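Student: Can you read through this structure? Questions will come right after.
The values are calculated or read from the model by the stated rules, or taken from the named source; none is laboratory data. As the structure is a computational prediction, the values presented were derived from the model and not from experiment. Note that each Cβ is placed from the backbone with ideal geometry, even for glycine, and that neighbours are counted across all protein chains shown. Please note that ligands, DNA and RNA were not included when accessible areas were found on the heavy atoms of the full protein model with its side chains. Shrake-Rupley method; radii C 1.70, N 1.55, O 1.52, S 1.80 Å.
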Amino acid sequence: MKGPEVIETGRLLLRPPRRTDARDIFERYANDPEVTHFLGWPRHETPADTAAFLDFSEQHWKQWPAGPYLVFGRSDGRLLGGTGLGFESPVRAATGYVLARDAWGQGFATEALAAMADLAKQLGVERLYALCHKDHRASAHVLEKCGFRCEGVHRREAAFPNLASRAPADILMYAKSWTSGQAV
């Protein structure tokens, strides 16, 4: 089973990235130091970095049931950010989100993340997880609102390439699991 090409929520339209999205991705969020501050991937410094992301996205979609999605406002069609599923196996995937600064604080992250959790369940994912820098309270709050449970702090677990200190940092591990269609 493949994930849908388009997912619509109350206010959002999600779809896989296309080559024609490169400029908007770069300008709206991937090159913004404030947006990428707590992310686990490096800020895109050149359009070539965005092209590499598009290559990755295309390969992930070919190999797995789903992959990265871009998040657009349904009312105006404007690119707001990205989300998606990063499969590690047919039953285990990671998720997350990134939003342009002007899309913060409007509930879009919660709406996009809930859509990814629903999609993961539909695709047979048994464990969906997300990593969160211990100091990123807004992101932790979104995960909790979407029913993810904090499983604990992993000490010096992950590097955050956009922080001044590139040393591995403490992260919060959030996860959502399903057995027999029930969230656990």
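Student: Quickly run through region 1-40 and pick out the residues that are over 18 Å from residue 113 (Cα atoms) and among the aromatic types (Phe, Trp, Tyr).
Tutor: 26
Student: Return the residues of region 158-180 that are without any contact (Cβ under 8 Å) to a residue 40 or more places away in the chain and within 19 Å of residue 92 (Cα to Cα); say none if nothing qualifies.
Tutor: Kept after step one, since they are without any contact (Cβ under 8 Å) to a residue 40 or more places away in the chain, are these residues of region 158-180: 164-170, 180.
Passing the criteria: only 180.
Student: Can we say residue 113 is of a type in the set (A, V, I, L, M), within 21 Å of residue 35 (Cβ to Cβ) and in contact with a Leu (Cβ under 9 Å, 6 or more places away or on another chain)?
Tutor: yes
Student: Assuming residue 36 fulfils every condition listed in (1) open to solvent by 30 Å² or more (accessible area, probe 1.4 Å); (2) out of contact with any Asp or Glu (no Cβ under 8 Å at 6 or more places or on another chain); (3) β-branched (Val, Ile, Thr) apart from one, which condition is it?
Tutor: Every condition holds for residue 36 apart from (1).
Student: Restricting the search to region 73-99, which residues are open to solvent by 60 Å² or more (accessible area, probe 1.4 Å) and of a type in the set (Gly, Ala, Ser)?
Tutor: Correct list: 75 only.
Student: I'd like to check something: does region 63-72 contain any residue that is farther than 22 Å from residue 130 by Cα, at pLDDT 95 or above and either of a type in the set (A, V, I, L, M, F, W, C) or loosely packed, with under 14 Cβ neighbours inside 10 Å (or both)?
Tutor: no
Student: For region 105-162, which residues satisfy the criterion of being in contact with an Asp or Glu (Cβ under 7 Å, 6 or more places away or on another chain) and at pLDDT 95 or above?
Tutor: Correct list: empty.
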